[in-house]
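Q: Here you go, one structure.
The values are calculated or read from the model by the stated rules, or taken from the named source; none is laboratory data. Every value quoted in this text rests on a predicted model; they were computed, and no experiment measured them. When we count neighbours, we look across all protein chains shown, and the Cβ atoms used for this are built from the backbone with ideal geometry, even at glycine. When the accessible area is computed, the model is the full protein with side chains, heavy atoms only, and any ligands, DNA or RNA have been set aside. Shrake-Rupley method; radii C 1.70, N 1.55, O 1.52, S 1.80 Å.
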Amino acid sequence: MGIEIEPATRARFDDVATMLGPKNPAANVCWCLSHRLDSTTNRELVGPARREYVRELTGRPVAPGVLAYDGGEVVGWAAVAPRAELPFERSRKIPHVDDLPVWSVWCIRVRPGHRGRGIAHALLRGAVDYAASQGAPAVEGYPADNGGRRVDPTMAYVGTRSLFEKAGFTKAADTDAVAGGFPRVLMRRVLP
């Protein structure tokens with residue numbers, strides 16, 4: 001049985017919580033919101049309010065990302081959304097290549113115990129397919145250009161250049177951003 005990719009809808013919120021939520025509900029963990037919200041809102045949204053914000057996102061017409069399943073068990077998450085809705089739109093470190101209304105993939109997460117099985121590749125392909133199904137003309141990512149060297153697991157969520165290249169992305173620009181000590185590059189895939 002292969003990896004199945006599904007949009008992170010309200011019906012799948014428990015699986016989103018499995019992938020993004022803390023063991024302690026009062027903890028102020030990311031919930032994949034640190035690159036979705038402006039910094040002020042991100043700081044103000046604490047504890048259980050973060051969970052509720054993500055629950056609201058899953059109820060919108062466009063899902064906030066995609067989930068990977070292996071035999072019915074949730075094993076991965078990828079965040080994808082129109083760049084115009086994200087802080088990347090105003091970033092001083094991540095440039096705009098042109099005026100195309102691109103979508104961004106900025107977080108790819110695979111559950112411990114399931115890594116090394118191609119799930120990140122499936123998630124990235126699934127995020128691109130979902131963006132295409134919503135009319136995106138192109139998808140961008142901002143991975144670490146690590147040259148094959150190991151990326152610290154706490155910063156690996158941005159992906160690597162080679163992961164994006166294997167999914168048909170090409171380098172569109174350098175950035176001033178860094179992840180895990182490696183420069184980040186703007187990778188883009190134009191959709192048919």
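Q: Can you pull out every residue in the stretch 17-49 that is open to solvent by 40 Å² or more (accessible area, probe 1.4 Å) and of a type in the set (Lys, Arg)?
A: Answer for the stretch 17-49, where residues must be open to solvent by 40 Å² or more (accessible area, probe 1.4 Å) and of a type in the set (Lys, Arg): 23, 43.
Q: Next question. What pairs come up if the first residue lies in the stretch 34-46 and is more than 13 Å from residue 57 (Cβ to Cβ) and without any contact (Cβ under 8 Å) to a residue 24 or more places away in the chain, the second is part of a helix (DSSP H, G or I) and open to solvent by less than 30 Å² (accessible area, probe 1.4 Å), and their beta carbons are under 6 Å apart, counting only those six or more places apart or on different chains?
A: none
Q: Here's a follow-up. Among the residues of the stretch 59-82, which ones are under 15 Å from residue 105 (Cα atoms) and open to solvent by 50 Å² or more (accessible area, probe 1.4 Å)?
A: Hit for the stretch 59-82 is 62, nothing else.
Q: Within the stretch 18-32, can you find the residues that are part of a loop (DSSP other than H, G, I, E, B), in contact with a strand residue (DSSP E or B) (Cβ under 9 Å, 6 or more places away or on another chain) and either farther than 16 Å from residue 158 by Cα or in contact (Cβ under 8 Å) with a residue 24 or more places away in the chain (or both)?
A: Across the stretch 18-32, the qualifying residue is only 32.
Q: Being under 20 Å from residue 157 (Cα atoms), without any contact (Cβ under 8 Å) to a residue 12 or more places away in the chain and either part of a helix (DSSP H, G or I) or open to solvent by less than 40 Å² (accessible area, probe 1.4 Å) (or both) is true for just one of 56, 89, 52. Which residue is that?
A: Exactly one residue qualifies, and that residue is 89.
Q: In the stretch 131-145, what residues are farther than 10 Å from residue 185 by Cβ and buried (at least 22 other Cβ atoms within 10 Å of the Cβ)? If you could, list the steps in order and put the result at the bottom.
A: To start, the set of residues in the stretch 131-145 that are farther than 10 Å from residue 185 by Cβ comprises 131-140.
Matches in the stretch 131-145: 131, 136, 139, 140.
Q: Let me confirm something: among 163, 124, which residue is open to solvent by less than 10 Å² (accessible area, probe 1.4 Å), in a helix (DSSP H, G or I) and of a type in the set (A, V, I, L, M)?
A: Answer to the check: 124.
Q: Can you go through 89, 6, 44, 85 and tell me which one is more than 17 Å from the chain's Cα centre (by Cα) and among the charged types (D, E, K, R)?
A: Within the list 89, 6, 44, 85, the selection yields 44.
Q: If you take the residues in the stretch 166-192 that are of a type in the set (A, V, I, L, M, F, W, C) and part of a loop (DSSP other than H, G, I, E, B), which one is farthest from the chain's Cα centre (by Cα)?
A: Of the residues in the stretch 166-192, the ones of a type in the set (A, V, I, L, M, F, W, C) are 167, 169, 172-173, 177-179, 182, 185-187, 190-191.
Then drop every residue that is not part of a loop (DSSP other than H, G, I, E, B), which leaves 167, 169, 191.
Working: 167: 14, 169: 15, 191: 18 Å.
Among residues in the stretch 166-192 that are of a type in the set (A, V, I, L, M, F, W, C) and part of a loop (DSSP other than H, G, I, E, B), the one farthest from the chain's Cα centre (by Cα) is 191.
Q: Could you list all residues from the stretch 100-121 that are open to solvent by less than 10 Å² (accessible area, probe 1.4 Å) and either in contact with a Gly (Cβ under 6 Å, 6 or more places away or on another chain) or among the polar types (S, T, N, Q) (or both)?
A: 104, 105, 119 - these are the residues of the stretch 100-121 that are open to solvent by less than 10 Å² (accessible area, probe 1.4 Å) and either in contact with a Gly (Cβ under 6 Å, 6 or more places away or on another chain) or among the polar types (S, T, N, Q) (or both).
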